[in-house]
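Asks: Once you've had a glance at the structure underneath, I'll fire off some questions.
The values are calculated or read from the model by the stated rules, or taken from the named source; none is laboratory data. Every value quoted in this text rests on a predicted model; they were computed, and no experiment measured them. Please note: Cβ atoms are built from the backbone with ideal geometry, for glycine as well, and neighbour counts cover all protein chains shown.
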Amino acid sequence: ETGVTQTPRHLVMGMTNKKSLKCEQHLGHNAMYWYKQSAKKPLELMFVYNFKEQTENNSVPSRFSPECPNSSHLFLHLHTLQPEDSALYLCASSQDSSTDGQFFGPGTRLTVL
Amino acid sequence: TQLLEQSPQFLSIQEGENLTVYCNSSSVFSSLQWYRQEPGEGPVLLVTVVTGGEVKKLKRLTFQFGDARKDSSLHITAAQPGDTGLYLCAGARLIEGGGADGLTFGKGTHLIIQP
């Protein structure tokens, strides 16, 4: 595997379910990110991790809980989501500077019923 | 809150024509990045511009960063059907002491090149 991988690619869940999204990067990068992409809205930054430490939580509701056990893996734990949380969730990684380009995974298409 | 205004939102032109996409903000960014996204996939990095006034070329694509580092443009020469896609500009904040940071994205330009 190369680049940034995300699993699952598609997920349908009820509002009472608990699920997790997984992201893995094979680029040796030190920073990882979660973004949300909804129709008619710009890509929204959710969380930033630098060297496994969370450096930004962009006012994300607590029903989204990130976890970064090491610099290659990033999880997004989902609990009691709302239908408006349905979106494409994208993971990205970059080296360690704000001027470094980011490399995105293919995303997880999430539908909350 | 830093905002990036991208224009136009939609553009449909004939193969062989030229086009320019604009990305504007009232905020200063440490870098401006351009991405292209295809349906069902994540954005793919095209270029990063860092220095005010910088111009970078990628085959038929020319990227420019404004002198004040608040705006950028993407110019495509002799567009081809393979250029069809969603083009996104994204700005990185200035961070004291360095370090990685999340990006602020524009809404994107949906580009269609008709054969």
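Asks: Which of the residues spanning region B:86-103 are within 12 Å of the chain's Cα centre (by Cα) and surrounded by fewer than 23 Cβ atoms within 10 Å (Cβ to Cβ)?
Replies: Selection gives B:L86 alone.
Asks: Here's something else I'd like to know. Give region A:2-40 a look and list any residue that's without any contact (Cβ under 8 Å) to a residue 12 or more places away in the chain and either in contact with a Cys (Cβ under 7 Å, 6 or more places away or on another chain) or away from chain B (no Cβ under 12 Å) (or both), or say none.
Replies: A:G28
Asks: While we're looking at this one, here's another question. Among the residues of region B:3-17, is there at least one that is surrounded by 17 or more Cβ atoms within 10 Å (Cβ to Cβ), touching a residue at least 60 places away in the same chain (Cβ under 8 Å) and not aliphatic (A, V, I, L, M)?
Replies: yes
Asks: Here is a follow-up. Only one residue in B:S30, B:S73 is within 14 Å of another protein chain (Cβ to nearest Cβ) and of a type outside the set (V, I, T), so which one is that?
Replies: Matching residue, one of B:S30, B:S73: B:S30.
Asks: Taking the condition of being within 20 Å of B:S26 (Cβ to Cβ) and either within 14 Å of chain A (Cβ to nearest Cβ) or in contact with a Cys (Cβ under 7 Å, 6 or more places away or on another chain) (or both), how many residues in region B:55-70 meet it?
Replies: Qualifying residue count, region B:55-70: 2.
Asks: Can you spot a residue in region A:89-112 that is basic (K, R) and either more than 10 Å from chain B (Cβ to nearest Cβ) or within 25 Å of B:V47 (Cβ to Cβ) (or both)?
Replies: no
Asks: Can I ask one more? Within region B:25-43, take every residue that is exposed (fewer than 15 other Cβ atoms within 10 Å of the Cβ) and under 30 Å from A:H10 (Cβ atoms) and give me the one that is modelled with the lowest pLDDT.
Replies: Ranking the candidates gives B:G40 first.
Asks: Pull out all pairs, ordered by first then second residue, where Cβ-Cβ is under 8 Å, the residues are six or more apart or on different chains, the first lies in region B:103-115 and is over 18 Å from A:M46 (Cβ atoms) and within 14 Å of chain A (Cβ to nearest Cβ), and the second is surrounded by fewer than 21 Cβ atoms within 10 Å (Cβ to Cβ) and aromatic (F, W, Y).
Replies: From residues that are over 18 Å from A:M46 (Cβ atoms) and within 14 Å of chain A (Cβ to nearest Cβ), the pairs are B:T109/B:F10; B:H110/B:F10.
Asks: Looking at region A:41-68 only, could you name the residues that are part of a strand (DSSP E or B) and within 12 Å of another protein chain (Cβ to nearest Cβ)?
Replies: A:E44, A:L45, A:M46, A:F47, A:V48, A:Y49, A:N50, A:E53, A:Q54, A:T55, A:E56, A:N57
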